[in-house]
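Read-outs: derived from the displayed coordinates by stated rules, not from any lab. Worth saying up front: this structure is predicted, and the values here are computed from it rather than measured. As a convention, Cβ positions derive from the backbone with ideal geometry for all residues, glycine included, and neighbour counts pool all protein chains shown.
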Amino acid sequence: MTTAKKIFIATLLVASISATLVYSIIARNRGVVAVQTGRVTRQDLTQTVSANGEIKPKKYVNISANAMGRIVRLPVKEGDHVREGDLLIRLESVQTEAEVRSAEASLDAAQAELEGMSAQIRSAEAAVNSAKAEITRSEADLNRARQNFDRAERMTKDGLISREQYDRAKADLDITGAQLGAARARLAQAEAQSAQAQKQRDGVALRITQQRSALVRARDQQSKTTISSPLEGIITYLPVNEGEIAIVGVQNQPGTVLMMIADMSVITSEVKVDETDIVNVRIGQEARIKVDALGDRVLTGHVSEVGNSALTRSSGTVSSNTSTAQEAKDFKVVVTLDSPPQELRPGLSCTATIVTAIRQQILTVPIQALTIRELDPDSKQTTGSETGVALAAPADPKKNQKKIEKEGVFTIKNGIALFRPVKTGITGTTDIEVLEGAAERDEIVTGPYQVLRTIKDNTRIRVQKAP
């Protein structure tokens with residue numbers, strides 16, 4: 001056999017052996033999925049909720065004008081510390097002072113008129129008393145004249161007196177009767193005058209009440225030209241200057257905001273928490289606040305208020321919402337800072353991280369290891385004696401039942417990925433609590449993401465390193 005033949009035969013042998021090896025490797029790896037793995041570990045876990053917002057004082061007030069006028073005095077400037085009752089702004093008050101003086105003069109005139117009416121009432125009462133006394137006297141004279149007339153009438157019949165004396169007695173009786181009628185008329189007139197004077201006095205008293213109300217209104221308008229501080233705090237916003245006109249707000253038209261005073265002793269972080277996280281937020285929970293202006297400095301605080309009404313996010317703005325529209329919603333959460341630094345200012349952007357739950361030494365898995373699969377609701381879970389993995393018993397093909405979704409992880413046993421439903425608890429930054437369905441140190445599939453979406457139960461796998 002020549003050397004060329006030997007070389008050719010050797011080459012054929014090597015090629016056939018190589019082809020056999022390659023085919024065996026390909027056949028062995030057919031259906032094997034490359035995955036990344038991790039372990040079920042026991043560790044401490046903290047669940048948090050993060051939200052953005054801004055720094056706000058717990059108590060602040062916007063100072064607006066209650067009267068229109070020119071600012072004639074502004075003794076404060078932005079950043080000043082003011083106490084309750086300190087003068088902030090004085091408006092022009094020429095017209096209001098004139099109205100006060102006019103109301104005072106009208107009130108004085110009405111009071112003087114009331115005193116005159118009281119004197120008239122006293123005079124009328126005296127006239128009534130005098131008329132009553134005159135009636136009494138006239139009644140006595142009438143009785144005397146009637147007795148004289150009766151006596152004269154008897155004596156005339158007996159012829160004891162002349163006709164002239166009789167006529168004189170009769171005339172005296174008529175005169176005294178007329179005098180009594182006149183006295184009664186004067187009494188009625190005096191009583192009418194007294195009643196009229198009392199009515200006039202009551203009218204003047206009502207007018208005095210009106211004048212007093214007008215004076216109170218005028219003084220109130222005058223007091224509105226002087227604006228004092230309603231609380232102790234710092235002036236954080238002052239957009240006006242002396243000489244400018246303060247405008248009063250009307251319907252659908254806000255007035256001029258003259259300044260803002262904030263009580264910086266208690267500072268809060270007002271943030272907007274997503275509706276999916278608000279159910280975990282409670283009053284009193286601890287929070288960490290990072291203010292953009294302070295760099296990496298972390299402030300501490302606690303939740304002091306949780307909003308009950310949803311805020312709708314619309315075109316970059318947040319407004320109160322009571323409709324049922326399917327829109328993304330936020331809830332207002334207020335975090336009170338424990339020890340706020342002096343350099344904080346209202347309106348600074350911040351991020352609050354609220355600690356909603358803490359668990360110690362619990363079983364956890366990486367969040368990316370969780371996946372969802374559809375299972376038969378009537379399938380019975382059995383546990384293999386060798387693998388210890390929950391396996392789904394085959395369902396009756398005659399039953400056309402709707403499958404349900406189950407959350408779980410893929411555990412690895414003897415190179416095979418097996419789906420195991422789990423019950424989860426709180427969620428941390430990268431891990432999630434496992435309450436049921438997994439044991440400590442179990443090896444589970446953690447990636448890649450595309451593999452976790454498509455991998456099936458009882459799939460052969462091989463472990464690869466994470467990139």
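Output the relative contact order of the range 189-274, whole-number percent, from Cα pairs under 8 angstrom with separation of 6+ residues. Before the final figure, lay out the partial values.
Values: 41 pairs, mean separation 21.0, N = 86.
Relative contact order comes out at 24 percent.
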Checklist outcome for this item: Expressed in nanometres to one decimal, the distance between label points 7 Å along Cα→Cβ at I283 and S213 is 4.3 nm
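Which whole-number percentage describes the relative contact order of the chain, with Cα contacts under 8 Å and a sequence gap of 6 or more? The partial results should precede the final answer.
Values: 840 pairs, mean separation 123.8, N = 467.
Once divided by the residue count of the chain, the mean separation gives 27 percent.
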Checklist entry - Which ³J(HN,Hα) values in Hz, rounded to whole numbers, follow from the phi angles of the range 232-243 under the Karplus curve 6.51 cos²θ - 1.76 cosθ + 1.60, where θ = phi - 60° and Gly and Pro get x? => result 8, x, 10, 6, 9, 8, 9, x, 10, 9, 4, x
Next on the checklist: Based only on Cα atoms, what mean projected area does the convex hull of the chain have, in nm²?
Outcome noted: 58.8 nm²
Item to check | Sum of side-chain charges, A133 neighbourhood, beta-carbon under 12 Å (Lys, Arg +1; Asp, Glu -1) | outcome: +1
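What full-extension length gain, to one decimal in nm, is calculated for A192 and E125 as 0.36 nm per residue of separation minus the Cα-Cα distance? The partial results should precede the final answer.
Details: separation 67, 0.36 × 67 = 24.12 nm, distance 1.03 nm.
So the chain would gain 23.1 nm between A192 and E125.
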Item to check | For I89, residues with placed amide H under 5 Å, excluding near neighbours | outcome: I227
Item to check | Relative contact order for the range 265-360, counting Cα pairs under 8 Å that sit 6 or more residues apart, in percent | outcome: 41 percent
Next on the checklist: Please list, ordered by chain and number, the residues whose modelled amide H lies under 5 Å from the amide H of I63; skip anything fewer than 5 residues away on the same chain.
Outcome noted: L258, M259, M260, I261
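Divide, for the range 102-154, the radius of gyration over alpha carbons by 2.2 N^0.38 Å, where N is the residue count. Can you show the working numbers first?
Working: Rg = 22.9 Å, N = 53, 2.2 N^0.38 = 9.9 Å.
This ratio for the range 102-154 stands at 2.30.
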Item to check | Distance between the range 325-346 and the range 96-121 - C-alpha centres, whole angstrom | outcome: 57 Å
Next on the checklist: What percentages make up the Cα-Cα pair-distance distribution of the range 265-360 when the bins are 10 Å wide from 0?
Outcome noted: 15, 44, 31, 9, 0
Next on the checklist: Starting from 0.36 nm per residue, how many nanometres of slack lie between S102 and T336 once their C-alpha separation is accounted for?
Outcome noted: 79.0 nm
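Please work out how much length the chain gains when fully extended from D220 to I358, using 0.36 nm per residue of separation minus the C-alpha to C-alpha distance, in nm with one decimal. Mind showing how you got there, number by number?
Working: separation 138, 0.36 × 138 = 49.68 nm, distance 5.76 nm.
Taking D220 through I358 to full extension adds about 43.9 nm, to one decimal.
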Checklist entry - GluC sites (Glu not before Pro), restricted to the range 46-149: which are DSSP loop and have at most 11 other Cβ atoms within 10 Å? => result E84
Item to check | Built amide H within the under 5 Å cut-off of T424, gap 5+ | outcome: L435
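With a length cut of 30 Å (Cα positions projected on each helix's long axis) and a Kyte-Doolittle mean of at least 1.0, go through the chain and give me the DSSP H helices that pass. Each step should come with its number before you reach the end.
Numbers: long enough: 3-29 (39 Å, 1.20); 94-158 (95 Å, -0.77); 163-223 (89 Å, -0.92).
Membrane-span-like by this criterion, though nothing is claimed about a membrane: 3-29.
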